[in-house]
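Beneath this line is the structure, given in C-alpha coordinates, with notes to follow.
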Amino acid sequence: MSPRDLAPAHVREIAPYVPGKPVAETARELGLAEADILKLASNENPLGSSPRAIEALRGALGELAWYPDGSGHDLKLAIAARLPVDPANIVLGNGSNDVLELVARAFLTPGDSAVYSQHAFMVYPLVVKAIGARGIEVPARDYGHDLAALAAAVRPDTRLVFVANPNNPTGTFLPWEAIGEFVAGLPDHVLAVIDEAYGEYLPDARRSPTPGWLGRFPNLVITRTLSKAYGLAGLRVGFGLAHPEVAELMNRVRQPFNVNHLAMVAACAALGDEAFIAESRRVNASGLGQLEAGFARLGLDFIPSAGNFVSVRVGDAARVYDSLLREGVIVRPVAGYGMPEHLRVTVGTAPQNERFLAALARALGRG
Ligand SMILES: *Cc1c(COP(=O)(O)O)cnc(C)c1O
(Lines give C-alpha, C1' and ligand atoms only; values in the text may rest on other atoms or scores of the structure.)
Protein backbone atom coordinates (compact mmCIF):
# COMPACT_ATOMS: atom_id res chain seq x y z
CA MET A 1 0.00 0.00 0.00
CA SER A 2 1.35 3.45 -0.88
CA PRO A 3 0.68 6.38 1.48
CA ARG A 4 -1.30 7.87 -1.39
CA ASP A 5 -3.96 5.20 -0.84
CA LEU A 6 -4.52 6.49 2.68
CA ALA A 7 -6.12 9.70 1.38
CA PRO A 8 -9.77 9.67 0.38
CA ALA A 9 -10.48 9.60 -3.35
CA HIS A 10 -11.73 13.17 -3.40
CA VAL A 11 -8.35 14.38 -2.11
CA ARG A 12 -6.36 12.23 -4.53
CA GLU A 13 -8.38 13.71 -7.39
CA ILE A 14 -7.60 17.35 -6.59
CA ALA A 15 -5.54 19.01 -9.31
CA PRO A 16 -2.74 20.91 -7.51
CA TYR A 17 -2.87 24.69 -7.85
CA VAL A 18 0.02 25.89 -10.01
CA PRO A 19 1.13 29.37 -8.91
CA GLY A 20 3.09 31.85 -11.00
CA LYS A 21 6.76 30.88 -11.22
CA PRO A 22 8.71 32.63 -8.43
CA VAL A 23 11.33 35.25 -9.32
CA ALA A 24 14.07 33.66 -7.18
CA GLU A 25 13.57 30.24 -8.80
CA THR A 26 13.68 31.73 -12.31
CA ALA A 27 16.82 33.76 -11.50
CA ARG A 28 18.55 30.60 -10.19
CA GLU A 29 17.61 28.59 -13.25
CA LEU A 30 18.72 31.25 -15.74
CA GLY A 31 21.80 32.36 -13.79
CA LEU A 32 20.44 35.92 -13.74
CA ALA A 33 20.09 38.46 -10.95
CA GLU A 34 16.62 38.63 -9.41
CA ALA A 35 16.49 42.29 -10.42
CA ASP A 36 16.67 41.24 -14.08
CA ILE A 37 13.60 39.05 -13.86
CA LEU A 38 10.24 40.55 -14.79
CA LYS A 39 7.34 38.70 -13.17
CA LEU A 40 3.97 39.49 -14.68
CA ALA A 41 2.42 36.21 -13.63
CA SER A 42 0.39 36.64 -10.44
CA ASN A 43 -1.50 39.92 -10.82
CA GLU A 44 0.66 41.61 -8.23
CA ASN A 45 0.81 45.39 -8.05
CA PRO A 46 3.80 46.66 -10.08
CA LEU A 47 3.97 49.76 -7.83
CA GLY A 48 4.67 47.59 -4.78
CA SER A 49 2.70 48.09 -1.57
CA SER A 50 0.76 51.00 -0.14
CA PRO A 51 3.44 53.23 1.47
CA ARG A 52 1.10 53.81 4.40
CA ALA A 53 1.00 50.05 4.99
CA ILE A 54 4.79 49.84 4.96
CA GLU A 55 5.09 52.67 7.46
CA ALA A 56 2.54 51.01 9.76
CA LEU A 57 4.41 47.70 9.48
CA ARG A 58 7.66 49.30 10.65
CA GLY A 59 5.84 50.58 13.71
CA ALA A 60 4.48 47.13 14.55
CA LEU A 61 7.71 45.12 14.47
CA GLY A 62 8.02 45.30 18.25
CA GLU A 63 4.65 43.59 18.70
CA LEU A 64 5.38 40.18 17.24
CA ALA A 65 5.73 38.20 20.45
CA TRP A 66 1.99 38.41 21.03
CA TYR A 67 -0.75 36.47 19.29
CA PRO A 68 -2.78 38.60 16.93
CA ASP A 69 -6.25 39.84 17.89
CA GLY A 70 -8.26 36.80 16.80
CA SER A 71 -11.42 38.87 16.56
CA GLY A 72 -9.77 41.30 14.13
CA HIS A 73 -11.44 44.21 15.93
CA ASP A 74 -9.44 47.08 14.42
CA LEU A 75 -9.46 45.79 10.87
CA LYS A 76 -13.20 45.13 11.01
CA LEU A 77 -13.76 48.70 12.20
CA ALA A 78 -11.56 50.00 9.36
CA ILE A 79 -13.61 48.02 6.85
CA ALA A 80 -16.93 49.06 8.39
CA ALA A 81 -15.81 52.70 8.26
CA ARG A 82 -15.49 52.50 4.49
CA LEU A 83 -18.30 50.19 3.41
CA PRO A 84 -21.99 50.05 4.37
CA VAL A 85 -21.45 47.03 6.64
CA ASP A 86 -21.13 46.30 10.38
CA PRO A 87 -18.31 44.31 11.99
CA ALA A 88 -20.81 41.45 12.36
CA ASN A 89 -20.97 41.19 8.57
CA ILE A 90 -17.22 40.63 8.24
CA VAL A 91 -15.10 37.48 8.12
CA LEU A 92 -11.34 38.03 7.91
CA GLY A 93 -9.17 35.68 5.92
CA ASN A 94 -5.55 34.78 5.38
CA GLY A 95 -6.03 36.13 1.87
CA SER A 96 -9.47 35.92 0.29
CA ASN A 97 -8.62 32.35 -0.75
CA ASP A 98 -8.97 31.55 2.92
CA VAL A 99 -12.44 33.14 2.93
CA LEU A 100 -13.41 31.03 -0.10
CA GLU A 101 -12.34 27.95 1.81
CA LEU A 102 -14.29 29.05 4.90
CA VAL A 103 -17.48 29.32 2.85
CA ALA A 104 -16.95 25.82 1.51
CA ARG A 105 -16.13 24.40 4.97
CA ALA A 106 -19.13 26.07 6.59
CA PHE A 107 -21.72 25.20 3.96
CA LEU A 108 -20.73 22.09 2.00
CA THR A 109 -20.82 18.41 2.90
CA PRO A 110 -19.69 15.57 0.61
CA GLY A 111 -23.32 15.13 -0.42
CA ASP A 112 -23.64 18.69 -1.75
CA SER A 113 -22.67 20.44 -4.95
CA ALA A 114 -21.29 23.84 -5.89
CA VAL A 115 -21.59 25.57 -9.24
CA TYR A 116 -18.95 27.67 -11.03
CA SER A 117 -18.05 28.63 -14.56
CA GLN A 118 -15.60 27.20 -17.03
CA HIS A 119 -12.45 29.43 -17.08
CA ALA A 120 -13.24 30.64 -13.56
CA PHE A 121 -10.74 31.02 -10.72
CA MET A 122 -9.13 27.65 -9.97
CA VAL A 123 -9.57 27.98 -6.21
CA TYR A 124 -13.34 27.31 -6.50
CA PRO A 125 -13.01 23.68 -7.63
CA LEU A 126 -10.13 23.29 -5.20
CA VAL A 127 -12.08 24.25 -2.06
CA VAL A 128 -15.16 22.33 -3.20
CA LYS A 129 -13.24 19.14 -3.96
CA ALA A 130 -11.29 19.36 -0.69
CA ILE A 131 -14.63 18.85 1.06
CA GLY A 132 -15.51 15.93 -1.19
CA ALA A 133 -18.46 17.86 -2.58
CA ARG A 134 -19.37 17.81 -6.26
CA GLY A 135 -18.17 20.69 -8.45
CA ILE A 136 -20.43 21.54 -11.38
CA GLU A 137 -18.59 23.44 -14.10
CA VAL A 138 -20.85 25.39 -16.44
CA PRO A 139 -19.69 26.31 -19.98
CA ALA A 140 -18.62 29.95 -20.32
CA ARG A 141 -20.09 32.41 -22.79
CA ASP A 142 -17.49 34.49 -24.66
CA TYR A 143 -15.02 33.48 -21.92
CA GLY A 144 -17.26 35.08 -19.28
CA HIS A 145 -19.85 33.78 -16.84
CA ASP A 146 -23.14 32.68 -18.40
CA LEU A 147 -25.43 33.68 -15.54
CA ALA A 148 -28.53 32.00 -16.98
CA ALA A 149 -26.63 28.74 -17.42
CA LEU A 150 -25.17 28.99 -13.91
CA ALA A 151 -28.67 29.47 -12.47
CA ALA A 152 -29.98 26.57 -14.55
CA ALA A 153 -27.21 24.29 -13.25
CA VAL A 154 -28.36 24.69 -9.64
CA ARG A 155 -29.71 21.41 -8.23
CA PRO A 156 -31.52 20.60 -5.00
CA ASP A 157 -28.17 19.64 -3.43
CA THR A 158 -26.42 22.85 -4.55
CA ARG A 159 -25.32 25.10 -1.69
CA LEU A 160 -22.86 27.50 -3.36
CA VAL A 161 -22.48 29.32 -6.64
CA PHE A 162 -19.17 31.12 -7.26
CA VAL A 163 -19.01 34.17 -9.52
CA ALA A 164 -15.87 36.27 -9.96
CA ASN A 165 -16.50 39.80 -11.23
CA PRO A 166 -14.19 40.64 -12.89
CA ASN A 167 -13.17 37.04 -13.50
CA ASN A 168 -9.61 35.74 -13.42
CA PRO A 169 -8.00 34.62 -15.79
CA THR A 170 -10.35 36.02 -18.44
CA GLY A 171 -10.82 39.57 -17.12
CA THR A 172 -14.48 39.47 -18.17
CA PHE A 173 -16.94 41.71 -16.36
CA LEU A 174 -20.71 41.55 -15.99
CA PRO A 175 -22.89 44.58 -15.13
CA TRP A 176 -23.81 44.63 -11.45
CA GLU A 177 -27.53 44.83 -12.32
CA ALA A 178 -27.20 41.43 -13.99
CA ILE A 179 -25.39 40.05 -10.94
CA GLY A 180 -28.13 41.44 -8.68
CA GLU A 181 -30.87 39.80 -10.73
CA PHE A 182 -28.92 36.56 -10.67
CA VAL A 183 -28.58 36.59 -6.88
CA ALA A 184 -32.25 37.56 -6.45
CA GLY A 185 -33.28 34.63 -8.65
CA LEU A 186 -31.36 31.93 -6.77
CA PRO A 187 -33.35 29.58 -4.57
CA ASP A 188 -33.10 29.99 -0.78
CA HIS A 189 -30.89 26.94 -0.38
CA VAL A 190 -28.03 28.46 -2.39
CA LEU A 191 -25.44 31.05 -1.33
CA ALA A 192 -24.00 33.29 -4.04
CA VAL A 193 -20.28 33.93 -3.55
CA ILE A 194 -19.27 37.04 -5.46
CA ASP A 195 -15.47 37.29 -5.70
CA GLU A 196 -14.38 40.90 -6.12
CA ALA A 197 -10.60 40.49 -5.98
CA TYR A 198 -10.15 43.05 -8.76
CA GLY A 199 -12.95 45.44 -7.80
CA GLU A 200 -10.61 48.34 -7.05
CA TYR A 201 -9.51 48.39 -10.68
CA LEU A 202 -13.02 48.98 -12.04
CA PRO A 203 -13.76 52.46 -13.36
CA ASP A 204 -16.07 54.57 -11.17
CA ALA A 205 -19.13 53.84 -13.31
CA ARG A 206 -18.67 50.12 -12.65
CA ARG A 207 -17.87 50.30 -8.92
CA SER A 208 -19.34 47.39 -6.97
CA PRO A 209 -22.58 48.16 -5.10
CA THR A 210 -22.76 44.70 -3.52
CA PRO A 211 -22.03 45.57 0.16
CA GLY A 212 -25.22 47.65 0.05
CA TRP A 213 -27.15 44.52 -0.96
CA LEU A 214 -26.47 42.52 2.19
CA GLY A 215 -29.68 43.67 3.89
CA ARG A 216 -31.66 42.45 0.91
CA PHE A 217 -29.85 39.16 0.21
CA PRO A 218 -29.17 36.94 3.24
CA ASN A 219 -27.65 34.40 0.84
CA LEU A 220 -24.89 36.69 -0.48
CA VAL A 221 -21.17 36.36 0.34
CA ILE A 222 -18.79 38.96 -1.07
CA THR A 223 -15.04 38.38 -1.02
CA ARG A 224 -12.39 41.08 -1.29
CA THR A 225 -8.63 41.10 -0.96
CA LEU A 226 -5.71 43.33 -0.05
CA SER A 227 -3.49 41.24 -2.37
CA LYS A 228 -4.08 43.03 -5.64
CA ALA A 229 -4.60 46.81 -5.81
CA TYR A 230 -3.34 47.36 -2.25
CA GLY A 231 -0.15 45.47 -3.05
CA LEU A 232 -0.09 43.16 -0.02
CA ALA A 233 -0.17 39.70 -1.63
CA GLY A 234 2.81 38.52 0.42
CA LEU A 235 1.13 39.31 3.75
CA ARG A 236 -2.06 37.33 3.01
CA VAL A 237 -5.14 39.28 4.04
CA GLY A 238 -8.64 39.46 2.63
CA PHE A 239 -12.19 39.51 3.90
CA GLY A 240 -15.69 38.27 3.30
CA LEU A 241 -18.92 40.22 3.75
CA ALA A 242 -22.17 38.42 4.50
CA HIS A 243 -25.35 38.31 6.54
CA PRO A 244 -24.35 38.19 10.24
CA GLU A 245 -25.59 34.58 10.60
CA VAL A 246 -23.59 33.49 7.56
CA ALA A 247 -20.52 35.35 8.80
CA GLU A 248 -20.91 33.79 12.24
CA LEU A 249 -20.99 30.28 10.77
CA MET A 250 -17.91 30.98 8.66
CA ASN A 251 -16.13 32.31 11.76
CA ARG A 252 -16.84 29.02 13.55
CA VAL A 253 -14.72 27.05 11.07
CA ARG A 254 -12.00 29.70 10.93
CA GLN A 255 -8.73 29.10 12.76
CA PRO A 256 -8.68 31.52 15.72
CA PHE A 257 -5.57 33.37 14.51
CA ASN A 258 -5.92 32.91 10.76
CA VAL A 259 -4.83 36.48 9.96
CA ASN A 260 -1.46 37.51 11.37
CA HIS A 261 -0.83 40.73 13.26
CA LEU A 262 1.32 42.43 10.61
CA ALA A 263 -1.25 41.64 7.93
CA MET A 264 -4.00 43.29 9.95
CA VAL A 265 -1.86 46.33 10.81
CA ALA A 266 -0.92 46.77 7.16
CA ALA A 267 -4.49 46.25 5.96
CA CYS A 268 -5.86 48.92 8.34
CA ALA A 269 -3.36 51.43 6.98
CA ALA A 270 -3.72 50.40 3.33
CA LEU A 271 -7.52 50.73 3.36
CA GLY A 272 -7.10 54.44 4.08
CA ASP A 273 -4.48 54.97 1.38
CA GLU A 274 -6.70 56.41 -1.31
CA ALA A 275 -3.76 58.05 -3.10
CA PHE A 276 -2.06 54.68 -3.62
CA ILE A 277 -5.23 53.10 -4.97
CA ALA A 278 -5.81 56.07 -7.30
CA GLU A 279 -2.24 55.79 -8.64
CA SER A 280 -2.54 52.01 -9.02
CA ARG A 281 -5.76 52.46 -10.99
CA ARG A 282 -4.19 55.10 -13.22
CA VAL A 283 -1.06 53.04 -13.97
CA ASN A 284 -3.21 49.97 -14.61
CA ALA A 285 -5.61 51.69 -17.00
CA SER A 286 -2.79 53.15 -19.06
CA GLY A 287 -0.81 49.88 -18.98
CA LEU A 288 -3.84 47.91 -20.12
CA GLY A 289 -4.18 50.28 -23.06
CA GLN A 290 -0.47 49.88 -23.82
CA LEU A 291 -0.72 46.07 -23.83
CA GLU A 292 -3.88 46.08 -25.94
CA ALA A 293 -2.26 48.38 -28.50
CA GLY A 294 0.82 46.13 -28.52
CA PHE A 295 -1.30 43.02 -29.10
CA ALA A 296 -3.17 44.76 -31.91
CA ARG A 297 0.17 45.65 -33.57
CA LEU A 298 1.18 41.98 -33.35
CA GLY A 299 -2.17 40.91 -34.76
CA LEU A 300 -3.05 38.99 -31.58
CA ASP A 301 -6.57 38.47 -30.21
CA PHE A 302 -7.03 39.24 -26.54
CA ILE A 303 -9.94 39.10 -24.14
CA PRO A 304 -10.88 42.66 -23.13
CA SER A 305 -10.11 42.86 -19.42
CA ALA A 306 -11.55 44.76 -16.48
CA GLY A 307 -8.74 43.59 -14.18
CA ASN A 308 -5.00 44.21 -13.81
CA PHE A 309 -4.12 41.47 -16.30
CA VAL A 310 -5.10 40.39 -19.78
CA SER A 311 -5.27 37.03 -21.52
CA VAL A 312 -3.90 37.05 -25.05
CA ARG A 313 -4.15 34.31 -27.66
CA VAL A 314 -0.64 33.44 -28.81
CA GLY A 315 -1.23 30.00 -30.40
CA ASP A 316 1.33 27.57 -29.01
CA ALA A 317 1.23 29.11 -25.55
CA ALA A 318 3.63 26.61 -23.96
CA ARG A 319 6.33 27.45 -26.50
CA VAL A 320 5.81 31.22 -26.22
CA TYR A 321 5.84 30.94 -22.43
CA ASP A 322 9.22 29.18 -22.59
CA SER A 323 10.67 31.77 -24.98
CA LEU A 324 9.57 34.58 -22.68
CA LEU A 325 10.95 32.75 -19.67
CA ARG A 326 14.37 32.41 -21.31
CA GLU A 327 14.41 36.23 -21.55
CA GLY A 328 13.57 36.46 -17.87
CA VAL A 329 9.92 37.41 -18.42
CA ILE A 330 7.46 35.30 -16.42
CA VAL A 331 3.81 35.25 -17.50
CA ARG A 332 1.07 32.76 -16.67
CA PRO A 333 0.11 29.78 -18.81
CA VAL A 334 -3.63 29.16 -18.53
CA ALA A 335 -3.95 25.73 -20.16
CA GLY A 336 -5.13 24.46 -16.77
CA TYR A 337 -8.05 26.88 -17.12
CA GLY A 338 -9.05 25.34 -20.44
CA MET A 339 -7.26 28.05 -22.44
CA PRO A 340 -4.28 26.28 -24.05
CA GLU A 341 -3.69 28.97 -26.68
CA HIS A 342 -3.68 31.91 -24.26
CA LEU A 343 -1.17 33.41 -21.88
CA ARG A 344 -2.24 35.69 -19.06
CA VAL A 345 -0.04 38.71 -18.44
CA THR A 346 -0.27 41.05 -15.47
CA VAL A 347 -0.28 44.75 -16.32
CA GLY A 348 3.07 46.23 -15.33
CA THR A 349 4.55 49.70 -15.39
CA ALA A 350 5.07 51.27 -18.83
CA PRO A 351 8.72 50.09 -19.15
CA GLN A 352 7.78 46.60 -17.93
CA ASN A 353 4.97 46.34 -20.47
CA GLU A 354 7.36 47.52 -23.19
CA ARG A 355 9.93 44.85 -22.23
CA PHE A 356 7.24 42.17 -22.25
CA LEU A 357 5.84 43.26 -25.63
CA ALA A 358 9.32 43.30 -27.20
CA ALA A 359 10.05 39.81 -25.82
CA LEU A 360 6.65 38.61 -27.04
CA ALA A 361 7.34 39.94 -30.54
CA ARG A 362 10.67 38.04 -30.60
CA ALA A 363 9.01 34.89 -29.26
CA LEU A 364 6.53 35.08 -32.13
CA GLY A 365 9.34 35.63 -34.66
CA ARG A 366 8.27 39.23 -35.25
CA GLY A 367 10.92 41.01 -33.22
C1 LIG B 1 -6.00 36.86 -6.78
C2 LIG B 1 -7.40 36.40 -6.61
C3 LIG B 1 -7.94 36.28 -5.34
C4 LIG B 1 -7.18 36.74 -4.14
O5 LIG B 1 -6.49 35.81 -3.51
P6 LIG B 1 -5.84 36.16 -2.10
O7 LIG B 1 -5.96 34.89 -1.37
O8 LIG B 1 -6.68 37.24 -1.48
O9 LIG B 1 -4.46 36.60 -2.36
C10 LIG B 1 -9.25 35.88 -5.21
N11 LIG B 1 -10.01 35.63 -6.30
C12 LIG B 1 -9.53 35.78 -7.53
C13 LIG B 1 -10.43 35.55 -8.68
C14 LIG B 1 -8.20 36.14 -7.72
O15 LIG B 1 -7.72 36.26 -8.95
Simple Cβ-charge dipole of the chain, Lys/Arg +1 and Asp/Glu -1, about Cα centre, in debye nearest 20:
460
With -39,500 (n - 2.57) per DSSP H segment of 4 or more residues and division by the full residue count of the chain, the 222 nm estimate, nearest 500 deg cm²/dmol, is -11500 deg cm²/dmol
Can you give me the Cα centroid spacing of the stretch 3-80 and the stretch 251-273 in angstrom?
13
Taking a label point 7 Å from the Cα of ALA33 along Cα-to-Cβ, the residues of the stretch 313-344 whose backbone nitrogen sits under 17 Å from it are 328-329
Residues of type lysines that LYS39 reaches as a straight line, Cα spacing below 25 Å, ignoring anything fewer than 8 places off in the same chain
LYS21, LYS228
By the C-alpha gyration tensor axes a ≥ b ≥ c (rounded if a/c is under 1.5, else prolate when a/b exceeds b/c, else oblate), the shape of the stretch 93-223 is rounded
Scalar couplings 3J(HN,Hα) for the stretch 98-110 by Karplus 6.51 cos²θ - 1.76 cosθ + 1.60 (θ = phi - 60°), nearest whole Hz, x for Gly and Pro, are 4, 4, 4, 5, 5, 4, 4, 5, 6, 10, 10, 10, x
Using alpha carbons only, what's the Rg to Rh ratio of the chain with Rh from Kirkwood?
0.96
If you roll a 1.4 Å probe over the heavy atoms of the protein chains, what accessible area per residue do you get for the stretch 51-273, in Å²?
40
Round to a whole angstrom and tell me the spacing of the C-alpha centers of the stretch 325-367 and the stretch 161-232.
28
Selected from PHE302, ALA60, LEU271, residue furthest toward positive end of dipole (the chain; charges at beta carbon)
PHE302
ASP195's amide H: which non-local residues (gap 5+, or another chain) put their own amide H closer than 5 Å, with H modeled 1.01 Å from N in plane and none for Pro or chain starts?
VAL163, ALA164, ASN165, THR223
Charge dipole of the chain built from unit charges on the beta carbon (Lys, Arg +1; Asp, Glu -1), centred at mean Cα; most positive-end Cα among PRO169, LEU357, ILE222 is LEU357
Note the full-extension length gain between HIS189 and ALA81 as 0.36 nm times their separation in residues minus their Cα-Cα distance, in nm to one decimal.
35.8 nm
From the Cα gyration tensor of the stretch 295-367, with a ≥ b ≥ c the square roots of its eigenvalues, which class applies: rounded if a/c is under 1.5, or else prolate if a/b is larger than b/c, or else oblate?
rounded
Convex hull of the stretch 29-154 built on C-alpha atoms - directionally averaged projected area, nm²:
13.1
Quick query: amide H of ILE330 versus all other amide H atoms, modeled in the peptide plane; which residues come in under 5 Å with a sequence gap of 5 or more or a different chain?
LEU38, LYS39, LEU40
Toward the positive end of the charge dipole of the stretch 51-273, about the Cα centre and with charges on Cβ (Lys, Arg +1; Asp, Glu -1), which of GLY199, ASN258, ALA114 goes farthest?
ASN258
Is the stretch 197-347 rounded, prolate or oblate when judged by the Cα gyration tensor, a ≥ b ≥ c being the square roots of its eigenvalues, rounded requiring a/c under 1.5 and prolate requiring a/b larger than b/c?
prolate
What share of the DSSP beta bridges in the stretch 51-273 is antiparallel, in percent to the nearest 5?
35
Calculate what fraction, in whole %, of the accessible area of the stretch 6-55 sits on carbon and sulfur atoms when a 1.4 Å probe is rolled over the protein chains.
57
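The values are calculated or read from the model by the stated rules, or taken from the named source; none is laboratory data. Just so it is clear, the structure is predicted and the values come from calculations on it, not from any experiment. All Cβ positions, even for glycine, are placed from backbone atoms using ideal geometry, and neighbour counts span all protein chains on display. Note: areas computed on protein heavy atoms with side chains; ligands, DNA, RNA excluded. Shrake-Rupley method; radii C 1.70, N 1.55, O 1.52, S 1.80 Å.
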